[in-house]
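S.K.: First the structure, which I've put down as structure tokens, then a few questions once you've had a look.
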Amino acid sequence: MSPKGSAPEKSSGAKQEAKMDKQWLLSVYQQMCYYRRFEERVLQAYTQQKFAGFCHVHIGQEALCVGVQRALRDTDYMITGYRSHTQAIAKGIPGREVFAELFGKATGCAKGNGGSMHMFSKEKRFLGGHGIVGGQVPLAAGVGFAIRYEKKDDIIVCYIGDAATNQGQFHEALNMAATWNLPVLTIIENNRYGMGTDIKRTTSIDHLWKRALAYDMDHGEVDAMNVIKTHEFVSDVIAKMRKTHRPYLLDAICYRYKGHSVSDPGLYRTKEEMGEWMAKDPILQLAEHLKKNKMATDEELKALDTKAKEMAKADEAWAEEQPVPPEEQVWQNVYAD
């Protein structure tokens with residue numbers, strides 16, 4: 001782990017290398033394709049006015065979602081912000097139930113009550129989807145305290161946006177997690193922009209992992225556009241956390257290809273910047289790795305992507321056929337019994 005004041009931790013990845021055989025990598029490739037195609041259908045459905053409200057998609061950040069989730073086990077918890085559709089699927093919520101939630105249907109993962117910004121599943125230990133910026137971080141600390149109280153070796157992953165690290169509750173929760181040794185892995189989805197504002201304009205530090213230095217917290221940075229590097233790094237971090245029960249702050253460098261929300265055209269970014277990051281596309285990177293190592297051909301990869309498109313299409317079709325919630329549901333789960 002990184003001592004106080006040091007540079008971010010680096011992963012050896014040696015033990016993870018053996019796990020990444022051909023079939024494992026192909027399944028990772030299809031999973032990332034599925035998440036990309038799922039979010040593309042979400043965008044299309046929104047523009048067709050099949051659902052309303054706020055909507056934030058994860059296109060471009062698939063490597064982080066997949067790489068992290070494959071390092072976890074089912075009993076681990078996850079909590080996140082409002083860009084949560086594919087993170088919910090990765091944690092085990094069926095894609096069709098996520099689409100049904102988007103459409104406000106009774107069979108959605110939150111029974112149609114949450115919509116785009118509040119995916120939830122107690123069974124899968126996916127605790128939201130939160131629209132309050134930074135509001136999930138103290139909740140994650142609470143879950144970490146519960147894990148410690150019950151003397152488990154589970155962890156909770158808390159995703160947070162880069163700009164949300166300027167919120168007061170982020171710092172208060174990190175201080176508590178570090179003081180009480182709570183097993184909270186806080187992952188900054190550092191896509192460089194808080195809505196339409198470059199993070200460099202809102203913070204005085206050049207790397208967000210430096211936030212951990214104030215709390216003597218273990219920390220690191222990872223290229224989250226590369227699913228192999230992400231998985232290796234996070235696997236190492238989690239293995240240590242299960243033994244030490246110490247919190248960790250991970251600065252995950254990534255990029256979103258769409259605007260902050262569906263209504264954001266993203267005009268604050270140059271074509272040159274977009275081109276630079278799209279050349280690092282996580283799906284493209286893995287495809288090149290597979291072809292270079294003779295694990296797959298273009299035709300085989302295209303077939304996996306086609307299957308991903310069909311899966312996403314089937315999710316939407318199922319969701320469209322589902323019933324809306326009954327009127328009496330509006331009064332349910334509002335007040336404690």
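The values are calculated or read from the model by the stated rules, or taken from the named source; none is laboratory data. No experiment lies behind these values; they were computed from the predicted model shown. Don't worry about glycine lacking a Cβ; one is built from the backbone with ideal geometry, like all the others, and counts go over all protein chains shown.
S.K.: In region 143-186, what count of residues is obtained for those that are touching a Leu at 6+ places or on another chain (Cβ under 7 Å), crowded, with 20+ Cβ neighbours inside 10 Å and of a type outside the set (A, V, I, L, M, F, W, C)?
M.R.: The number of residues fulfilling the criteria is 4.
S.K.: Looking at the structure I just gave you, is Asp223 within 20 Å of Val28 (Cβ to Cβ), among the charged types (D, E, K, R) and more than 16 Å from the chain's Cα centre (by Cα)?
M.R.: Spelling it out, it is not the case that Asp223 is within 20 Å of Val28 (Cβ to Cβ), among the charged types (D, E, K, R) and more than 16 Å from the chain's Cα centre (by Cα).
S.K.: Looking at Asp264, Asp236, Asp251 in this structure, which one is in contact (Cβ under 8 Å) with a residue 24 or more places away in the chain, touching a Lys or Arg at 6+ places or on another chain (Cβ under 9 Å) and assigned to a helix (DSSP H, G or I)?
M.R.: Result: Asp236 is the single residue among Asp264, Asp236, Asp251 that is in contact (Cβ under 8 Å) with a residue 24 or more places away in the chain, touching a Lys or Arg at 6+ places or on another chain (Cβ under 9 Å) and assigned to a helix (DSSP H, G or I).
S.K.: Might you check whether a residue that is of a type in the set (A, V, I, L, M, F, W, C), at pLDDT below 95 and surrounded by 20 or more Cβ atoms within 10 Å (Cβ to Cβ) occurs anywhere in region 31-39?
M.R.: no
S.K.: Take the conditions part of a helix (DSSP H, G or I) and either of a type in the set (D, E, K, R) or out of contact with any Leu (no Cβ under 8 Å at 6 or more places or on another chain) (or both) and apply them to Lys243. Does it pass?
M.R.: In short, yes.
S.K.: While we're on this one: Just for region 234-249: of the residues that are farther than 16 Å from Met176 by Cβ and touching a helix residue (DSSP H, G or I) at 6+ places or on another chain (Cβ under 7 Å), which one is surrounded by the fewest Cβ atoms within 10 Å (Cβ to Cβ)?
M.R.: In this case the residue turns out to be Ser235.
S.K.: Moving to a separate point now. Kindly indicate the residue of region 98-132 that is under 23 Å from Tyr248 (Cα atoms), modelled with pLDDT under 95 and in contact with a Gly (Cβ under 7 Å, 6 or more places away or on another chain) and also surrounded by the fewest Cβ atoms within 10 Å (Cβ to Cβ) among those meeting that condition.
M.R.: Out of the qualifying residues, it is His130.
S.K.: When region 108-141 is examined, which residues are found to be within 19 Å of Phe170 (Cα to Cα) and either within 15 Å of the chain's Cα centre (by Cα) or assigned to a loop (DSSP other than H, G, I, E, B) (or both)?
M.R.: Scanning region 108-141 gives Leu127, Gly128, Gly129, His130, Gly131, Ile132, Val133, Gly134, Gly135, Gln136, Val137, Ala140.
S.K.: Something else: Which of the residues that make up region 59-86 are outside any loop (DSSP other than H, G, I, E, B) and within 16 Å of Met225 (Cα to Cα)?
M.R.: Glu62, Ala63, Leu64, Cys65, Val66, Gly67, Val68, Gln69, Thr86
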